[in-house]
Structure formats: structure tokens, C-alpha cells
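The values are calculated or read from the model by the stated rules, or taken from the named source; none is laboratory data. None of the values given here were measured: they were computed from a predicted structure. Here the Cβ positions follow ideal geometry from the backbone for every residue, glycine too, while neighbour counts run over all protein chains shown.
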């Protein structure tokens, strides 16, 4: 089985939201009742909208939970929601090598030291 990408997860969510692939094409998500647009609208067809960031899914999840970040963290809808594993803004399919992880940690330490110096 292939790994679920953020784009595929969004596409599946859109089908679940409106019903069928045909209905996804004519989705009115560009103008919701509150006057805003669905954050997934441009990705709904799975092409042409660009490559969505997992941060897009995180924003959607926060909206779903009434803007409450803590509720997103504690979300238990992993059985019913295809987006669940992307909700924290991280792609569960991506793993970093030990070298890359070490380099990122060192870079973060360097940035923190620089910020500490600026404060004093």
C-alpha cells in the first residue's frame, strides 16, 4: 500500500465532505456561508492547486476544533478522519536521518544563542 500524502488525504476528505467526485468538482467551498473559503478548496481536485503543506491541514483542524489548539492536539477522531495523522502540521511519512537531525539541532542551538545575545 502506498503512503498517504497530504494531497491524497485532502482529496479523500473532500469526497467525504460532499459525497462524490462529481460533487467535489462543483463544490461551493470557494464561498462558505460565513463568507470565507474552505482552506482545501484549491486542492479538492488533486491537481492544479499546487502541493499543499501539512500546515494547511493543521489550519483546517484548528478551524474544526473551534480555534482551540489544545483540542487539535487531543483530537481522537483517528478512526473517522483521514486528516488525523497530519493534524499537528507534521507529515508522518517523513523521517530524518540521524545526520540531518543532528544538524537541525545544532542550528537551533546556534539560533537560540544568537537570540540570547540580542536580549542582553
**Prompt:** Just checking, how many residues over the range 1-12 are touching a residue at least 12 places away in the same chain (Cβ under 8 Å) and exposed (fewer than 11 other Cβ atoms within 10 Å of the Cβ)?
**Reply:** 1
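Applying the selection to the range 18-28, what residues are closer than 19 Å to residue 81 by Cα and surrounded by 12 or more Cβ atoms within 10 Å (Cβ to Cβ)?
Answer for the range 18-28, where residues must be closer than 19 Å to residue 81 by Cα and surrounded by 12 or more Cβ atoms within 10 Å (Cβ to Cβ): 18, 21, 24.
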**Residues located in the range 87-120, provided they are within 23 Å of residue 52 (Cα to Cα) and at pLDDT below 85** = 94, 95, 96
**Complete:** All-but-one check, residue 66 against (1) free of Cβ contacts under 8 Å to residues at least 24 places away in the same chain; (2) in contact with a helix residue (DSSP H, G or I) (Cβ under 7 Å, 6 or more places away or on another chain); (3) at positive phi, failing number (2)
**Asked** Only one of (1) surrounded by 11 or more Cβ atoms within 10 Å (Cβ to Cβ); (2) touching a helix residue (DSSP H, G or I) at 6+ places or on another chain (Cβ under 7 Å); (3) touching a residue at least 24 places away in the same chain (Cβ under 8 Å) is not met by residue 92, so which one is it?
**Response** (3)
**Asked** What residue, among those in the range 38-54 that are loosely packed, with under 13 Cβ neighbours inside 10 Å and under 16 Å from the mean Cα position of the chain (by Cα), is farthest from residue 9 (Cα to Cα)?
**Response** 50
**Message:** With the requirement that a residue be part of a loop (DSSP other than H, G, I, E, B) and either modelled with pLDDT under 85 or under 15 Å from residue 5 (Cβ atoms) (or both), what does the range 46-86 give you?
**Reply:** 46, 47, 48, 49, 50, 51, 52, 53, 82, 83
**Asked** Do we find that residue 15 is in a helix (DSSP H, G or I), out of contact with any helix residue (DSSP H, G or I) (no Cβ under 8 Å at 6 or more places or on another chain), surrounded by 11 or more Cβ atoms within 10 Å (Cβ to Cβ) and free of Cβ contacts under 8 Å to residues at least 12 places away in the same chain in this structure?
**Response** no
**Asked** Of all residues in the range 95-120, which are surrounded by 10 or more Cβ atoms within 10 Å (Cβ to Cβ) and within 20 Å of residue 58 (Cβ to Cβ)?
**Response** 96, 104
